[in-house]
Amino acid sequence: MVLCGAFGGTNIGDELILLADARLARGAGYEGQFTALTFGNATLSEEASAEYARNDIEPASLRRPGAALRSILGKDLLIGGGQVLDGSYGAKLPFLQLCVALACRLSGGRVWIGGAGALAIKGRLTKLLYHLLFILTEDVSVRDQASYDAVAYSEGNRRRVRVAADVVFSLFESDMIPTSTSRSETVLAVHNAPHVKFMDQDLAVPLAEHLALVSAGSLTLAAHDARENFDLGFASKIASGFSQGKEKRPPDIQTFDSVEACLDFYSQKSLVVSARMHPLIIGAIAGCACVPLAGSSKVAEFARLTGLRLYTPADVMKANAQELLQYPDKKALRSLAAAARSILPILAKV
């Protein structure tokens, strides 16, 4: 089976999606090896490479089209998890996805789109390519209503597409989530990218200082995308902007070399604050209190689905520690987990 998404080690949320996809396929009866197909260069750390090997996953990149084509012919294909239906860069991504799907279908494989996020599906060519891609699939499920609205531009799409949930919710109450009897510390999981910013440094620094104050100094900045021009660089700027003084030590910065390390980290924390969706989902399924920060439709949808209040940074800076301890509704989490597990049908044993 080919698992297609934004994989390759740069964003730990995407790596968690990969393992959740693989786990769903195993639960559906698939017993063979996986190919993790990415559109970028798969530069894995030693820890991530070992994690891929433990889960029988072989990375492949479309930057090497010959090898990628050989790895997908005759295979089933799951395009899913994360914001993989994306028209932000025009027609290039849907064209590549359509080519991969055609290669799988013409060589005897099946195609699913599962729990995908959708954004900025604009322009006649981009819309046409995604419409054709959906025709090739056995089932198209998206992660939330906002994603459905983004692809519901034709009657055919409205018939084919359904709302499921983000695949990471499928891990709720699973053995992948460590149990912890001791919880401490607040996590501010930052979100920054060259093409989108939900918070500038002038606002992020006082927010982090307030969280450190109300959590008695036990604040960690989590960078899910460990590139300097993404989360990691932004976290470093926040830490360097912290007020100097013995009582205001800059917070630690946490990056993740493996999904196992990420899940272990969140299972020991008490509160997660973020404008990035996957830290909030991981925090929710790991039993943390969660404060979703307003900025994107997907975080607003997460808050709605889990029964949480959506905060602005100004709201957070007015709140004390107790006021921030809001927990996702467990009944809602179980419902989302069930929806996420519907992404793949029961497959014939391989």
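The values are calculated or read from the model by the stated rules, or taken from the named source; none is laboratory data. Source: prediction; values computed, not measured. Cβ coordinates were reconstructed from backbone atoms using ideal geometry, including for glycine residues, and neighbour counts include every protein chain displayed. Remember, those area values only see protein heavy atoms, side chains included, never the ligands or the DNA or RNA. Shrake-Rupley method; radii C 1.70, N 1.55, O 1.52, S 1.80 Å.
Here are a few things to note about the model shown:
Rundown of residues vs (1) without any contact (Cβ under 8 Å) to a residue 40 or more places away in the chain; (2) open to solvent by less than 50 Å² (accessible area, probe 1.4 Å), yes/no style:
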| site | (1), (2) |
| --- | --- |
| Leu305 | no, no |
| Arg309 | yes, no |
| Thr312 | yes, no |
| Met317 | no, no |
| Asn320 | no, no |
| Leu324 | no, yes |
| Asp329 | yes, no |
| Ala332 | yes, yes |
| Ala339 | no, yes |
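- Residues of the stretch 174-189 satisfying the condition of being open to solvent by 10 Å² or more (accessible area, probe 1.4 Å) and under 18 Å from the mean Cα position of the chain (by Cα): Ser174, Met176, Ile177
- For the stretch 1-30, the set of residues classified as open to solvent by 30 Å² or more (accessible area, probe 1.4 Å) and either over 30 Å from Ser274 (Cα atoms) or part of a loop (DSSP other than H, G, I, E, B) (or both) consists of Ala6, Gly9, Thr10, Arg26, Gly27, listed by residue number.
- Figure legend. Inter-residue proximity from the stretch 195-220: first residues at positive phi, second residues of a type outside the set (Val, Ile, Thr) and in a loop (DSSP other than H, G, I, E, B), beta-carbon distance below 8 Å, spacing 6+ or different chains. Indicated pairs: Gly217/Glu247; Gly217/Arg249.
- Residues of the stretch 31-66 classified as open to solvent by less than 50 Å² (accessible area, probe 1.4 Å), outside any loop (DSSP other than H, G, I, E, B) and aliphatic (A, V, I, L, M), total: 6
- Residue in the stretch 133-145 that is over 20 Å from Leu18 (Cβ atoms), touching a residue at least 12 places away in the same chain (Cβ under 8 Å) and polar (S, T, N, Q) present: yes
One line per residue, one yes/no per condition, for (1) open to solvent by 20 Å² or more (accessible area, probe 1.4 Å); (2) more than 23 Å from Ala286 (Cβ to Cβ); (3) in a helix (DSSP H, G or I):
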position: Leu207; (1), (2), (3): no, no, yes
position: His210; (1), (2), (3): yes, yes, yes
position: Glu260; (1), (2), (3): yes, no, yes
position: Leu263; (1), (2), (3): no, no, yes
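- Of the candidates Val272, Val350, the single residue that is at pLDDT 95 or above and either open to solvent by 20 Å² or more (accessible area, probe 1.4 Å) or not acidic (Asp, Glu) (or both) is Val272.
- Residue check for Ser240: among the hydroxyl-bearing types (Ser, Thr, Tyr), crowded, with 16+ Cβ neighbours inside 10 Å and under 18 Å from Glu209 (Cβ atoms): no
- Single residue of the stretch 243-266 satisfying the filter (among the acidic types (Asp, Glu) and closer than 19 Å to Ala208 by Cβ) that is modelled with the highest pLDDT: Asp252
- Taking the stretch 89-136 as the range and being of a type in the set (Gly, Ala, Ser), buried (at least 18 other Cβ atoms within 10 Å of the Cβ) and in a loop (DSSP other than H, G, I, E, B) as the test, only Gly117 passes.
- Test: residue in the stretch 77-87 that is without any contact (Cβ under 8 Å) to a residue 40 or more places away in the chain, closer than 20 Å to Tyr130 by Cβ and among the acidic types (Asp, Glu): yes
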